[in-house]
């Protein structure tokens, strides 16, 4: 069975030959590993070819069955957009027309815009939000700006270079994320309380753009699945009631757009989500990712399978910090084998870290995962 077939089986709620493994890399972890190559943090973030090279190199290092393309649409002329390039204490610093970006090696780029991008709610006209989104809000003041010149070329490169043997997953960001980026996190959450009707109009407008992006990405022949990233939809940010109002209707539209293309779709929400697993399932995705265990979250894998495992595949839920960063080979093995055994008793399971691999996790601790999947994850 090929790695692509293995993951497809699990996403179809069937048992493959063995438990597949596919973790999400944090940008910081990628940069830490890429010190062994000639790919710099700036190139990883801005260059399609270098990003593709990095994804393949990292997949080979850790023997994953799939590759997640978490950013796309790199501008082919990105070098021409840089007004000034400096190396400050060994760190790349690029000045663009509207901003400065510093490409640290253990985290996302640090951005500083000359004019604030966030807006006050009263200054936002929902009808003026473009139906085609040209950016991805990765973090505060940290963006991927999408080129309209073949924005999904990254998938062509990966398909060609890997001969189609691995499962390729794309990623889009939820409408809720775009809202909070537009208004700022605190003001966005307050707006849900003070002016919910306007917030809903803004969310619906962003949904049009996210649906368009997800649908176009899912239409690419080499893409197996789309991950919808919605990190701010957990218990630490909004209640179940607000989830029903400000997340579920818009998430559902993105899910259905991907399914209409005949592709798998799953949702990524970090942190504490134990009180909303069934709500998340109502959106109709094929799977859930993360399910952070205690202490970084509050989801126990066996309980999650009992509640939603007959409807959705589960991708998770190894603690990247307390297990992989702080653990030893013995403690990692004990924790991971426990999760493999739970997953194998159920339908669709993909072994993964709960959230992204933390930047400073030792390489060897991640390499253990594939070995354990092969040794303990064979279906009989």
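What the table shows:
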{"read-out": "Criterion (touching a helix residue (DSSP H, G or I) at 6+ places or on another chain (Cβ under 8 Å) and under 30 Å from residue 65 (Cα atoms)) met by exactly one of 153, 205", "value": "153"}
{"read-out": "Only listed residue being buried (at least 22 other Cβ atoms within 10 Å of the Cβ) and in contact with a strand residue (DSSP E or B) (Cβ under 8 Å, 6 or more places away or on another chain), chosen from 71, 82, 7", "value": "7"}
{"read-out": "Every residue from the range 323-346 that is over 19 Å from residue 295 (Cβ atoms), touching a residue at least 40 places away in the same chain (Cβ under 8 Å) and touching a helix residue (DSSP H, G or I) at 6+ places or on another chain (Cβ under 8 Å)", "value": "340, 343, 345, 346"}
{"read-out": "Residue match in the range 222-235 (condition: touching a strand residue (DSSP E or B) at 6+ places or on another chain (Cβ under 7 Å) and more than 30 Å from residue 53 (Cα to Cα))", "value": "yes"}
{"read-out": "Hits in the range 276-286 - residues which are buried (at least 24 other Cβ atoms within 10 Å of the Cβ) and under 16 Å from residue 342 (Cβ atoms)", "value": "none"}
{"read-out": "Residue match in the range 338-356 (condition: on the phi > 0 side of the Ramachandran plot and in a strand (DSSP E or B))", "value": "no"}
{"read-out": "Lone unmet requirement of (1) at negative phi; (2) outside any loop (DSSP other than H, G, I, E, B) for residue 316", "value": "(1)"}
{"read-out": "Which listed residue, of 200, 171, 160, 131, is under 27 Å from residue 262 (Cβ atoms) and surrounded by 15 or more Cβ atoms within 10 Å (Cβ to Cβ)", "value": "171"}
{"read-out": "Which numbered condition residue 243 fails, given (1) assigned to a helix (DSSP H, G or I); (2) in contact with a helix residue (DSSP H, G or I) (Cβ under 6 Å, 6 or more places away or on another chain); (3) under 16 Å from residue 138 (Cα atoms)", "value": "(3)"}
{"read-out": "Condition met for residue 64 (touching a strand residue (DSSP E or B) at 6+ places or on another chain (Cβ under 7 Å), buried (at least 21 other Cβ atoms within 10 Å of the Cβ), modelled with pLDDT of 95 or more and under 23 Å from residue 140 (Cβ atoms))", "value": "no"}
{"read-out": "Criterion: part of a strand (DSSP E or B) and in contact with a helix residue (DSSP H, G or I) (Cβ under 6 Å, 6 or more places away or on another chain) - qualifying residue of 92, 86, 101", "value": "92"}
{"read-out": "Among (1) outside any strand (DSSP E or B); (2) in contact (Cβ under 8 Å) with a residue 60 or more places away in the chain, the one test that residue 299 misses", "value": "(2)"}
{"read-out": "Sole residue being loosely packed, with under 13 Cβ neighbours inside 10 Å and more than 13 Å from residue 42 (Cβ to Cβ), chosen from 53, 115", "value": "115"}
{"read-out": "Within the range 254-270, tally of residues that are buried (at least 18 other Cβ atoms within 10 Å of the Cβ), assigned to a helix (DSSP H, G or I) and touching a helix residue (DSSP H, G or I) at 6+ places or on another chain (Cβ under 8 Å)", "value": "3"}
{"read-out": "Residue 365 vs. criteria touching a helix residue (DSSP H, G or I) at 6+ places or on another chain (Cβ under 8 Å), under 25 Å from residue 312 (Cα atoms) and in a helix (DSSP H, G or I)", "value": "no"}
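One line per residue, one yes/no per condition, for (1) closer than 25 Å to residue 313 by Cα; (2) under 18 Å from the mean Cα position of the chain (by Cα); (3) assigned to a loop (DSSP other than H, G, I, E, B); (4) in contact (Cβ under 8 Å) with a residue 40 or more places away in the chain:
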{"position": "169", "(1), (2), (3), (4)": "yes, yes, no, yes"}
{"position": "181", "(1), (2), (3), (4)": "no, yes, no, yes"}
{"position": "186", "(1), (2), (3), (4)": "no, no, no, no"}
{"position": "193", "(1), (2), (3), (4)": "no, no, no, no"}
{"position": "213", "(1), (2), (3), (4)": "yes, yes, no, yes"}
{"position": "226", "(1), (2), (3), (4)": "yes, yes, no, yes"}
{"position": "235", "(1), (2), (3), (4)": "yes, no, yes, yes"}
{"position": "238", "(1), (2), (3), (4)": "yes, no, yes, yes"}
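The values are calculated or read from the model by the stated rules, or taken from the named source; none is laboratory data. Owing to the predicted nature of the structure, the values given are computational and were not obtained by experimental measurement. Backbone-built Cβ (ideal geometry, glycine too); neighbour counts: all protein chains shown.
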